[in-house]
Amino acid sequence: MNNPYFSPTRLWRIPQAAIEDSLDEMALDGAKGHEGIVLWLGKDSAEIADVTHLIRLRGPLVEKRKDFINIHPALFNDVADVAIEHGLRLVGQVHSHGPGCGVDLSPTDRSHGIQVPPYLSLVAPDYARTRVPAHDWGVHVYTREAGYVRLSHEAARRCLQITDGLRPPMLTVGSGS
(Lines give C-alpha, C1' and ligand atoms only; values in the text may rest on other atoms or scores of the structure.)
Protein backbone atom coordinates (compact mmCIF):
# COMPACT_ATOMS: atom_id res chain seq x y z
CA MET A 1 0.00 0.00 0.00
CA ASN A 2 1.41 3.40 -0.97
CA ASN A 3 1.60 6.17 1.58
CA PRO A 4 0.31 9.36 -0.12
CA TYR A 5 2.27 11.60 2.25
CA PHE A 6 5.62 10.01 1.39
CA SER A 7 5.66 9.51 -2.37
CA PRO A 8 8.42 7.76 -4.32
CA THR A 9 11.46 10.01 -4.69
CA ARG A 10 14.53 9.46 -6.84
CA LEU A 11 15.93 13.03 -6.85
CA TRP A 12 16.15 15.70 -4.16
CA ARG A 13 16.77 19.27 -5.39
CA ILE A 14 18.46 21.26 -2.67
CA PRO A 15 19.41 24.93 -3.02
CA GLN A 16 23.07 25.60 -2.19
CA ALA A 17 21.82 28.25 0.25
CA ALA A 18 19.92 25.50 2.13
CA ILE A 19 23.18 23.58 2.52
CA GLU A 20 25.00 26.68 3.77
CA ASP A 21 22.23 27.72 6.16
CA SER A 22 21.89 24.16 7.51
CA LEU A 23 25.63 24.01 8.18
CA ASP A 24 25.55 27.41 9.90
CA GLU A 25 22.66 26.30 12.13
CA MET A 26 24.27 22.97 13.06
CA ALA A 27 27.65 24.65 13.70
CA LEU A 28 26.01 26.68 16.51
CA ASP A 29 25.44 23.42 18.38
CA GLY A 30 28.81 22.10 17.22
CA ALA A 31 30.54 25.04 18.91
CA LYS A 32 29.05 23.69 22.17
CA GLY A 33 30.31 20.18 21.39
CA HIS A 34 26.83 18.92 20.45
CA GLU A 35 25.28 17.37 17.38
CA GLY A 36 22.97 19.69 15.44
CA ILE A 37 19.99 19.08 13.19
CA VAL A 38 17.93 20.86 10.52
CA LEU A 39 14.74 19.39 9.08
CA TRP A 40 13.93 19.99 5.41
CA LEU A 41 10.39 20.60 4.19
CA GLY A 42 9.39 20.73 0.55
CA LYS A 43 7.14 19.71 -2.28
CA ASP A 44 7.40 16.74 -4.56
CA SER A 45 6.08 15.54 -7.87
CA ALA A 46 7.17 13.07 -10.53
CA GLU A 47 9.67 11.47 -8.10
CA ILE A 48 11.44 14.79 -7.47
CA ALA A 49 11.46 16.49 -4.05
CA ASP A 50 12.34 20.18 -3.82
CA VAL A 51 13.62 21.51 -0.49
CA THR A 52 11.75 24.79 0.04
CA HIS A 53 11.88 25.43 3.81
CA LEU A 54 14.31 24.70 6.64
CA ILE A 55 13.26 23.98 10.23
CA ARG A 56 15.45 24.72 13.22
CA LEU A 57 14.36 23.17 16.49
CA ARG A 58 14.41 25.06 19.78
CA GLY A 59 13.37 24.58 23.37
CA PRO A 60 13.25 21.83 25.95
CA LEU A 61 11.61 19.31 23.60
CA VAL A 62 14.85 18.84 21.63
CA GLU A 63 17.87 17.42 23.41
CA LYS A 64 21.26 17.83 21.74
CA ARG A 65 24.37 16.20 23.17
CA LYS A 66 27.84 15.16 22.07
CA ASP A 67 26.66 12.04 20.27
CA PHE A 68 22.88 12.14 20.52
CA ILE A 69 19.81 14.12 19.44
CA ASN A 70 16.35 13.44 20.83
CA ILE A 71 13.25 15.16 19.44
CA HIS A 72 10.16 14.78 21.61
CA PRO A 73 7.04 13.62 19.71
CA ALA A 74 5.19 16.82 20.69
CA LEU A 75 7.84 18.86 18.86
CA PHE A 76 7.41 16.65 15.78
CA ASN A 77 3.68 17.41 16.01
CA ASP A 78 4.54 21.10 15.87
CA VAL A 79 6.73 20.45 12.81
CA ALA A 80 3.80 18.65 11.16
CA ASP A 81 1.56 21.63 11.91
CA VAL A 82 4.04 23.97 10.20
CA ALA A 83 4.31 21.63 7.20
CA ILE A 84 0.52 21.46 6.86
CA GLU A 85 0.19 25.23 7.23
CA HIS A 86 2.60 25.73 4.31
CA GLY A 87 1.26 22.85 2.19
CA LEU A 88 4.58 20.99 2.46
CA ARG A 89 5.88 17.65 3.65
CA LEU A 90 9.00 16.51 5.47
CA VAL A 91 11.42 15.48 2.70
CA GLY A 92 14.54 14.90 4.77
CA GLN A 93 16.95 16.16 7.35
CA VAL A 94 20.61 16.75 7.98
CA HIS A 95 22.34 16.30 11.30
CA SER A 96 25.96 16.47 12.33
CA HIS A 97 28.33 14.04 13.97
CA GLY A 98 31.37 14.99 16.00
CA PRO A 99 35.00 14.90 14.91
CA GLY A 100 36.22 11.38 14.25
CA CYS A 101 32.69 9.90 14.34
CA GLY A 102 32.31 9.58 10.58
CA VAL A 103 29.21 10.10 8.51
CA ASP A 104 27.56 6.70 8.78
CA LEU A 105 24.29 6.54 10.68
CA SER A 106 24.79 5.53 14.30
CA PRO A 107 22.82 2.64 15.82
CA THR A 108 20.65 5.27 17.53
CA ASP A 109 20.04 7.03 14.20
CA ARG A 110 18.96 3.73 12.67
CA SER A 111 16.71 2.61 15.51
CA HIS A 112 15.11 5.95 16.44
CA GLY A 113 15.24 7.93 13.19
CA ILE A 114 12.31 8.46 10.86
CA GLN A 115 11.61 5.15 9.17
CA VAL A 116 9.37 5.91 6.22
CA PRO A 117 10.44 5.33 2.62
CA PRO A 118 11.94 7.30 0.91
CA TYR A 119 13.18 9.54 3.76
CA LEU A 120 16.52 11.30 3.16
CA SER A 121 18.94 11.50 6.09
CA LEU A 122 22.24 13.31 5.64
CA VAL A 123 25.13 13.37 8.10
CA ALA A 124 27.58 16.28 8.04
CA PRO A 125 31.03 15.72 9.58
CA ASP A 126 32.87 17.56 12.36
CA TYR A 127 29.76 19.10 13.98
CA ALA A 128 29.19 20.95 10.65
CA ARG A 129 32.25 23.12 11.21
CA THR A 130 34.26 21.68 8.31
CA ARG A 131 32.79 22.65 4.96
CA VAL A 132 32.73 19.79 2.45
CA PRO A 133 30.31 19.29 -0.47
CA ALA A 134 27.00 17.64 0.45
CA HIS A 135 27.78 14.70 -1.84
CA ASP A 136 30.70 13.91 0.50
CA TRP A 137 28.48 13.77 3.57
CA GLY A 138 26.84 10.55 4.62
CA VAL A 139 23.84 10.30 2.30
CA HIS A 140 21.27 7.76 3.49
CA VAL A 141 17.83 6.87 2.13
CA TYR A 142 15.31 4.77 4.00
CA THR A 143 13.89 1.89 1.97
CA ARG A 144 11.11 -0.51 2.90
CA GLU A 145 13.26 -3.51 1.96
CA ALA A 146 16.59 -2.67 3.62
CA GLY A 147 15.98 0.16 6.06
CA TYR A 148 18.54 2.93 5.79
CA VAL A 149 21.00 2.48 2.95
CA ARG A 150 24.11 4.64 2.66
CA LEU A 151 24.56 5.74 -0.91
CA SER A 152 27.90 5.64 -2.68
CA HIS A 153 29.42 8.95 -3.74
CA GLU A 154 28.26 8.29 -7.32
CA ALA A 155 24.71 7.43 -6.23
CA ALA A 156 24.62 10.54 -4.01
CA ARG A 157 25.60 12.65 -7.03
CA ARG A 158 22.71 11.13 -8.99
CA CYS A 159 20.04 11.66 -6.32
CA LEU A 160 21.12 15.01 -4.82
CA GLN A 161 20.96 17.96 -7.17
CA ILE A 162 22.46 21.06 -5.57
CA THR A 163 20.91 24.10 -7.24
CA ASP A 164 21.43 27.84 -7.33
CA GLY A 165 17.78 28.27 -6.34
CA LEU A 166 16.34 30.80 -3.94
CA ARG A 167 17.33 30.80 -0.27
CA PRO A 168 14.68 28.76 1.59
CA PRO A 169 13.27 30.41 4.70
CA MET A 170 14.54 29.06 8.02
CA LEU A 171 11.53 28.56 10.30
CA THR A 172 11.85 28.02 14.03
CA VAL A 173 9.77 25.36 15.74
CA GLY A 174 9.77 25.18 19.53
CA SER A 175 10.44 27.84 22.10
CA GLY A 176 13.21 29.00 24.36
CA SER A 177 16.79 27.89 23.94
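The values are calculated or read from the model by the stated rules, or taken from the named source; none is laboratory data. It should be emphasised that the depicted structure is a prediction, and the values quoted were computed from it without experimental measurement. Cβ: placed from backbone, ideal geometry, glycine included. Neighbour counts: every protein chain shown. When the accessible area is computed, the model is the full protein with side chains, heavy atoms only, and any ligands, DNA or RNA have been set aside. Shrake-Rupley method; radii C 1.70, N 1.55, O 1.52, S 1.80 Å.
How do His140, His53 rank by accessible surface area computed with a 1.4 Å probe, from largest to smallest?
Descending order: His53, His140.
Only one residue of Val149, Val82, Ile69 has its Cα farthest out toward the positive end of the dipole of the chain, where Lys and Arg carry +1 and Asp and Glu -1 on Cβ, and that residue is Val149. Between region 136-164 and region 65-105, what is the C-alpha centre distance in whole Å? Using only Cα atoms to place each centre, the spacing works out to 17 Å. Ignoring lysines fewer than eight residues from Lys32 along the same chain, the ones with Cα atoms less than 23 angstrom from its Cα are Lys64, Lys66.
Over region 1-118, Cα pairs under 8 Å with separation of 6+ residues give a relative contact order of 30 percent.
With all pairs of separate Cα atoms included, region 22-125 yields a Kirkwood hydrodynamic radius of 14.2 Å. Once the 1.4 Å probe is applied to the protein heavy atoms, region 39-169 comes out at 50 Å² accessible per residue. Inter-label distance, Ser111 to Asp67: 1.4 nm, where each label sits 7 Å from its Cα along the C-beta direction. Just to be sure I understand the curve: with the Debye formula and one point per C-alpha of region 87-177, what is log10 I(q)/I(0) at q = 0.14, 0.19 Å⁻¹? Evaluating at q = 0.14, 0.19 Å⁻¹ gives log10 I(q)/I(0) of -0.57, -1.04. Please sort by residue number the trypsin sites (Lys or Arg not before Pro) in region 3-69 whose DSSP state is loop and whose Cβ has at most 13 other Cβ atoms within 10 Å. Listed in order of number, the matching sites are Arg10, Lys32, Lys66. The chymotrypsin sites (Phe, Trp or Tyr not before Pro) of region 1-106 that DSSP puts in a loop, and whose beta carbon has at most 15 other beta carbons within 10 Å, are Tyr5. For the pair Asp164 and Ala146, the difference between a 0.36 nm per residue extended length and the Cα-Cα distance amounts to 3.2 nm. Computed over the chain, the P(r) curve from all C-alpha pair distances, binned at 5 Å from the origin, holds 2, 9, 18, 23, 24, 17, 7, 1, 0 percent per bin.
Label-to-label distance, Thr172 versus Ile48, with points set 7 angstrom from Cα along the beta-carbon direction: 3.4 nm. How large is Rg/Rh for region 30-80, to two decimals, with Cα atoms and a Kirkwood Rh? Taking Rg over the Kirkwood Rh, I get 1.07. Under Stokes-Einstein, with the Kirkwood radius over Cα pairs as Rh, the value for region 75-122 at 4 °C and 1.567 mPa s is 104 µm²/s. For the chain, which span is the longest to avoid every loop-located (per DSSP) member of GluC sites (Glu not before Pro) having at most 13 other Cβ atoms inside 10 Å? The longest uninterrupted stretch comes out as 48-144. Within the accessible surface of the chain, defined with a 1.4 Å probe on protein heavy atoms only, the carbon and sulfur portion equals 53 percent.
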